[in-house]
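Heads up, the thing below is written out as structure tokens.
The values are calculated or read from the model by the stated rules, or taken from the named source; none is laboratory data. As the structure is a prediction and not an experimental result, all values here were calculated from the model. When we count neighbours, we look across all protein chains shown, and the Cβ atoms used for this are built from the backbone with ideal geometry, even at glycine. For the accessible areas, the whole protein counts, side chains as well, though only heavy atoms, and no ligand, DNA or RNA atoms are used. Shrake-Rupley method; radii C 1.70, N 1.55, O 1.52, S 1.80 Å.
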Amino acid sequence: MSQWIYFFDLCGTAVFALSGALAAGKHRMDPFGVTVLASVTAIGGGSIRDTLLGSTPVFWITDPNYIIVILATVVACLILVRKPHKLPNITLPVADALGLALFTVIGAQKALLLGHSGMIAVVMGLITGVGGGIIRDVLCRQVPMVLRTEIYATASIIGGICYTLSLLSGIDSMTSMFLAMASTLIIRLSAIRWHLSLPAFDLKTKRP
């Protein structure tokens, strides 16, 4: 089971690194900028999670395979995707949705392994899933996706709840992971496909 979790974690790292690299390409960054953006997107959320949980040194310092996966993803992206602006517009959101689903479960699972409650697990899943994307969007001078009206953080929260409740219901760990990832991915992709969003908080001041 631990090998599968590790495999999914590396897959999530690659997917989020790809998301960051594609975002860098859309902003015409040089190879160093692509590497930086891919790295913070891939390991930013997990680094924040480990720091909050007191699990230090953070995961990528004790296991350099995460850095290797990021660098390999960046190199592959630079070689194979020479003109990111010609990629379908859906590529970046879908890659980001996949990373969100994977990292939400990984973050919640790590919190539970450290003995924390289900509520903390959901929060850590959220931080792991959205933290890197927030850093990426800030560096790209955009309002972070999680702060917009798009259904993004909500998908991560529901995925985390689904994972913890599945475990409490006696469902085995692997099935719980797939159920949580599927729920997060379905909600996020549905929001992208049908432009679903939460109501905006629009505070309008009345003119005298």
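Data overview
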read-out	value
Heavy-atom accessible surface of the chain: percent carbon and sulfur, 1.4 Å	69 percent
Residue-by-residue Karplus 3J(HN,Hα) for region 27-42, coefficients 6.51, -1.76, 1.60, Hz, glycine and proline x	9, 6, 8, 7, x, 5, x, 4, 5, 4, 5, 5, 5, 5, 5, 7
Helix-only CD estimate at 222 nm, as mean residue ellipticity for the chain, using -39500 (n - 2.57) per DSSP H run (n ≥ 4)	-25000 deg cm²/dmol
Heavy-atom surface of region 1-103, accessible at 1.4 Å and reported per residue (Å²)	50 Å²
Binned Cα-Cα distances of the chain, short to long, each 5 Å bin given as a whole percent	1, 8, 16, 20, 19, 15, 10, 5, 3, 1, 1, 0, 0
Accessible area (Å², per residue) of region 127-183, counting only protein heavy atoms and a probe of 1.4 Å	45 Å²
Sparse-neighbour loop sites [trypsin sites (Lys or Arg not before Pro); region 1-98; at most 16 other C-beta within 10 Å; DSSP]	ARG28, ARG82
Charge dipole (debye, nearest 20) of region 1-102; +1 at Cβ of Lys and Arg, -1 at Cβ of Asp and Glu	480 debye
